[in-house]
1. Please report, largest first and rounded to whole Å, the three semi-axes of the ellipsoid equivalent to region A:292-481, where each semi-axis is the square root of five times an eigenvalue of the C-alpha gyration tensor.
2. Please give the residues from region A:97-116 for which the solvent-accessible area of heavy atoms, probe 1.4 Å, is smaller by at least 40 Å² with all protein chains in place than with the chain isolated.
3. Out of region A:122-231, which GluC sites (Glu not before Pro) are coil in DSSP terms and have no more than 10 other C-beta atoms within 10 Å?
4. Over region A:342-482, calculate the relative contact order: mean separation of alpha carbon pairs under 8 Å at least 6 apart, over the residue count, as a percent.
5. Looking at chain B, which Cys residues are left with no other cysteine's beta carbon under 4.7 Å from theirs?
6. Using all alpha carbons of chain A, what is the percent of pairwise distances in each 20 Å bin, ordered from the shortest bin to the longest?
7. May I ask you to derive the relative contact order of region A:56-118, considering only C-alpha pairs under 8 Å and at least 6 residues apart, and to give it as an integer percent?
8. Nearest 5 percent is fine: what portion of the DSSP beta bridges confined to the protein assembly as shown is antiparallel?
Amino acid sequence: MDPTAHQYIELNGGADLQGFRQALRILTWSNIPHEQITWSVSAAPDLFGGGQLPAAYGSAGRPIILPRDVGDLIKLVVCHTEPQKYALLYELVWRMRRPHDPELRLYEVASDPLVHRLNMMAKSVRRDLHKMHVFLRFREVNDLVVGERFVAWFEPEHFIVEETAQFFVDRFTSLDWTILTPKGSLWWDRIELAIGPPAQRSDAPETDAFEIGWRTYYQSTFNPARTNLNQMRQHMPKKYWRNLPETQAIPGLVNAAASRVDEMIERETMMPIRKMPAKAIAALTEQGPASLAELNRIISASDPFLEGSNKAVLGEGPLHPAIAFVGEQPGDLEDLQVRPFVGPAGQLFDRALEEAGIDRQKAYVTNAVKHVKFVQRGKRRIPQSPTAGEIERYRWWLQKELGFVQPKLVVALGASAAHALGGKAVTISPIRGQHRFDGFNHQPGYITVHPSYLLRLPSEEDRDREYKAFVQDLKRVRALAL
Amino acid sequence: MRAYTGRSAYLRTPQSMMPPARQRRKNRQAGPKGLGSTDGNGICRAYTPDGRCVSLLKILLTNFCLYDCAYCINRRSSNVEHARFTVDDVVKLTIAFYKRNYIEGLFLSSGIIQTPDCTMEQLILVAKKLRRDEGFAGYIHLKTIPEASPWLIEQAGLWADRLSINLELPTQDSLKAYAPEKDSVSITNAMSQMGERIAESTEEISRHALKFAPAGQSTQVIVGADATNDAGMLAASAGLYASYGLSPVHYSAFSPIPDSSKALPIKSPPLQRANRLYQADWLFRYYGFGVEEIASGGEGGMLDLDIDPKLAWALKNRDRFPVDVNTADREALLRIPGLGVRAIDRIIIARRHTSLRLEDVGCVCAGLKRVRPFIITADWRPTAETDRADLRQQLAPQPKQLSLF
């Protein structure tokens, strides 16, 4: 391409991003100053994204690297209806990349007249995009093939139809819909997006069964004491009104506003005519579970506070026991049998209890977290320990539960149980032993390790030593409680 | 339908209670069978003639209520006609409105029926059905009932994008006088429970933990129903921001309700008061102003109604001006009346490459009139302007001329 000759570039009508990008590549690599180019657009907008420059330009273009902000700016500005948009954009790119004295960061100089103008154009397009996202209204049509189908008519100011498509695809993925505008149309069949020719208002359905309900809702949200027409028009310019079903209600609302306000103020305060629901008010305070069985029903019916099993493993044992044991969370076997402490750790726990001379049948056994937490990997469940937040979420239930059970002594097995009882995350070793849970009605308690910790120790020697210490702890628990 | 929704307008929960601009879980999107998305952009679907935005289907499950809050149309001693939605009604209506692009999501609240727990369970059920049965990925805001059992609040957070508890009145005494069944202790307890959980959930995002109210929690206070002044309001808000990680506080101007209680003032406060409080709140959260500084701009703990709080502060602190936009640090720029955060960001970037003139500043902000007396640029220095006694008169909006017939 001759760098001194004047260039005439014709792009497609509408937002010809592809065509402009190609032209940009060829022109910048050929070092054509912006003054030497005359930009024009073909009369008929080509909405099928042809965007081919005449072959005469050759394939001199190579991709050019522009700052991301500039790329974003170009994408927006090409949607503008202003005929000069391509010339202005090229001028920006040229000034940033010209061989002598390039203004590399020109796009950051918001006060430069060119940058300012482009920013304003981008702003106008952005606003139009936003208005299309929010002011477009679908109307349902019954399609014999797909059933429910939604069609909308909208009149955007700029060539934004394609640019806006992703928003509607993301939001209404599971619906069949069509958006018709005078600048092109979009068709979505739940799988693929098609871009179609301009349409007319008469192509869209006249109304929708839900519009009356919507208008009623719109009317009811209006507060007549706060009429502020300017603010309404500023956010919802009149040009959009004719395609919005709710705006038909505006004149009526405005006309009646003043009299509605007067009426509200002038009306004498009336005496209550209904009876006071004294019984119901008294009953207000008597909420929440009244017994352990009722609490357990609530827990069983609730969704888990973590990702894992839906089955709640409840506490087990008599009310008013000498000792209540609190573990961490159920494991796989517990989840299967819906009983606490029946897995490998539970068996070890049983053995230790027996050696310490504690009858499990006479103790209450429960977990801080009522659901087993795991991540499913194919067929396998990978167990997860509960996070601090999850322990806190289950804490309310544990508090209520032990409130009903009323044990003489509460034993926290492991750090999670100690956290749930004490209200904050702790390390076991420094506080192992007798303890008072101040956050739990000053409940006398005892902190020791969780039996599953013993199972996880690698060496036989450690396991033996720790097991003995655990049994020792249980013996002291027995002495304290019985 | 008016029977239900008509009331909610008078509940004084402003329609501007919109989803926040930035959600922690940004750009959520439904699966191929589901419906909806949240994308963190502006979401107002329509505007009513009061200039407020309609963004969510904001309804009450029922307008029957056992509480007797003086400011509320639905209090038990009111003579309003009562009505009730079923859970399925709300789910169906939300989906139908959402599919037609009428709304951005659901904002559900309810009068207290039977017990707070019972009411809260119904609210949760709506959210759960929307998410689980309808695959709804749009925005859900649940009004939390502070007197409900804590585990219900935990559950609400698993289904809703945002939870809120209305503080309604900024002091404990006012609450006692106007809302006898409400108790500020249970309100703050529930707020702190939600605040803790939201914070934990942000930290635990990668640890297979379920998300709790990804859009956080907000609250609302009524302006002008009790005697609290603006400084008191702002101090209460500052306390909420600091203690419960809450954002934002909505200021809702008291306005007359039909069938009102005798305990209330008959007239509404000037509309401007709530606007000034919003502006002040903004200064507090994004501009580095302290509550005392903002309050010092007005008189006797009330903000100036004629001019915005930033200008009011600047006029009383003229020794801090003019500020050179080409050299001053960000904190100093944030104090200039008429310059917003975005304009300041642009100035800071642009001045790396060029020395800004007055005209250039005009390119990045909304208008020079207010800014001019407070800045120095490459070609401008206000000589006596900053200290003029009538500066306030010049900058305050002119009173509207009354027309004579």
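1. Equivalent ellipsoid semi-axes, largest first: 23, 21, 16 Å.
2. A:GLU108, A:VAL109, A:ALA110, A:SER111, A:HIS116
3. A:GLU192, A:GLU206
4. 25 percent
5. Flagged as lacking a Cys partner: B:CYS65, B:CYS118, B:CYS363, B:CYS365.
6. All Cα pairs considered, the percentages come to 17, 25, 25, 27, 6, 0.
7. About 24 percent, as a whole number.
8. Taking every DSSP beta bridge with both residues in the protein assembly as shown, the antiparallel ones total about 40 percent.
The values are calculated or read from the model by the stated rules, or taken from the named source; none is laboratory data. Here the structure is a predicted model, which means the values were calculated and not measured. We place every Cβ from the backbone using ideal geometry, glycine too, and count neighbours over all the protein chains shown. Just the protein is used for accessible areas: all its heavy atoms, side chains included, with ligands, DNA and RNA removed. Shrake-Rupley method; radii C 1.70, N 1.55, O 1.52, S 1.80 Å.
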